[in-house]
Amino acid sequence: MPYTEMIWCKAFYFQIINNIQNEYISVMKQIELLPTFSLSQLVYGVWRWDEKTQSEKEISKLFDSCLSLGIDSFDHADIYNDYANEAFFGRLLKENPSKRHQIKIITKCGIQLLSQKKPLTKVKHYDYSKDHITSSVEQSLTNLNTDYIDLLLLHRPSPLLNADVVAQTLSSLVLSGKVKHIGVSNFTPAQFQLLQSRLDIPLITNQIELNFNQLQPLIDGSIDFLYERKIKPMIWSPLGGGSIFEHGKVALNKQFQLLGAKYQVGADVLSLAWLLKHPAQLIPVIGTVKTERIISAVKACSIDLELQEWFQLYEAAMGNEVP
């Protein structure tokens, strides 16, 4: 192939890719958590990143793909990949500082894991002391190469959480500007209410697990509690870590096949579309490390399942009819 023709073909290919991405961006909504703060309809979670198996070039490609598709919100935790992934992400921002203002960074604190990096930790536990929350935030700011965190979440509730101390600490961090907004993760409605009762600023989300293998939040009032208060839940593990696609789930796989043929998408996209149908405006956190899977996931934002289709999937996941 002549060189000029090869250049033309390459340009044409990238134009096609850009057109596809622009189409997806047009369907990617921003979900308002506050009048002054929103997250993209899908959030990208970094917990699967591993610098031992992925190069910075590969991670940079994932990062850029998210931005080009309208995903501008990135979910972290201090503990991910043995306390390494915040710094991995921070190196990307150091090389591309202008992108910091294009994105929203979410991170979490509170869990203490057994690790060679934590020689004084003898048992997995939760630490919500003033010193630990403050030092965790300072370390995350350093790791992420930023001077503020858009949204800080308490990673899991602790039986020993002192609501007054935690509320005072979180309020101080927001007042300092180091943290812009606060929320929780895996809290029950009662635990959420307890902490909120001590705060003058709002907890703006609760990140909880919800998927076809974990339907309890739809049944036990967890989603209803947040919906009543107009708090938009973030959803971790929306695909159940892939377990919802196992061969043993005959009824669910049958519905995936039927609806997949109609909408021309895979089970992963249908699973996300099922979550996005909920009026509480659930915000799934996706964690794939494959660019094509990110592109595929965004298709869910343009699929509006019919009412009975939603219940067909729900019934198949439950294994019985609704009461």
| the stretch 137-153, residues that are touching a helix residue (DSSP H, G or I) at 6+ places or on another chain (Cβ under 7 Å) and either surrounded by 14 or more Cβ atoms within 10 Å (Cβ to Cβ) or in contact (Cβ under 8 Å) with a residue 60 or more places away in the chain (or both) | VAL137, SER140, ASN143, LEU144, ASN145, THR146, ILE149, LEU152
| Can you find a residue in the stretch 235-248 that is part of a helix (DSSP H, G or I) and among the polar types (S, T, N, Q)? | yes
| Scan of the stretch 99-126 for residues that are crowded, with 17+ Cβ neighbours inside 10 Å and either touching a Ser or Thr at 6+ places or on another chain (Cβ under 9 Å) or in a loop (DSSP other than H, G, I, E, B) (or both), ordered by number | ILE103, LYS104, ILE105, ILE106, THR107, LYS108, CYS109, GLY110, GLN112, TYR126
| request: Scan the stretch 207-248 for residues that are basic (Lys, Arg) and touching a residue at least 12 places away in the same chain (Cβ under 8 Å) and jot them down. | output: LYS232
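Regarding PHE245, is this residue over 22 Å from the mean Cα position of the chain (by Cα) and either aliphatic (A, V, I, L, M) or within 19 Å of LEU210 (Cα to Cα) (or both)? Even if it seems obvious, please write down each step before you answer.
Details: over 22 Å from the mean Cα position of the chain (by Cα): no; either aliphatic (A, V, I, L, M) or within 19 Å of LEU210 (Cα to Cα) (or both): yes.
Judged against the criteria, PHE245 is not a match.
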| message | Cβ-Cβ distance below 7 Å, separation of 6 or more or different chains: which pairs start in the stretch 184-197 with a residue that is closer than 19 Å to LYS108 by Cβ and end on one that is among the charged types (D, E, K, R)? | response | SER185/LYS108; SER185/ARG156; ASN186/ARG156
| Qualifying position, being within 23 Å of ILE208 (Cβ to Cβ), without any contact (Cβ under 8 Å) to a residue 40 or more places away in the chain and in a helix (DSSP H, G or I), among LEU170, LEU160 | LEU170
| request: Residues being of a type outside the set (A, V, I, L, M), closer than 18 Å to ALA273 by Cα and assigned to a loop (DSSP other than H, G, I, E, B): count how many of those fall in the stretch 193-223. | output: 2
| Candidates ALA297, ALA273, filtered to the one that is buried (at least 20 other Cβ atoms within 10 Å of the Cβ), of a type in the set (Gly, Ala, Ser) and within 17 Å of ASP75 (Cβ to Cβ) | ALA297
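Considering the stretch 29-79 alone, what residues qualify as being among the aliphatic types (A, V, I, L, M) and in a helix (DSSP H, G or I)?
ILE59, LEU62, LEU67 - these are the residues of the stretch 29-79 that are among the aliphatic types (A, V, I, L, M) and in a helix (DSSP H, G or I).
Every number in this text was worked out from the coordinates using simple rules, so none of it is lab data. In this text the structure is predicted, and so the values were computed from the model without any measurement. Cβ sites come from the backbone with ideal geometry, for glycine too, and all protein chains shown count toward neighbours.
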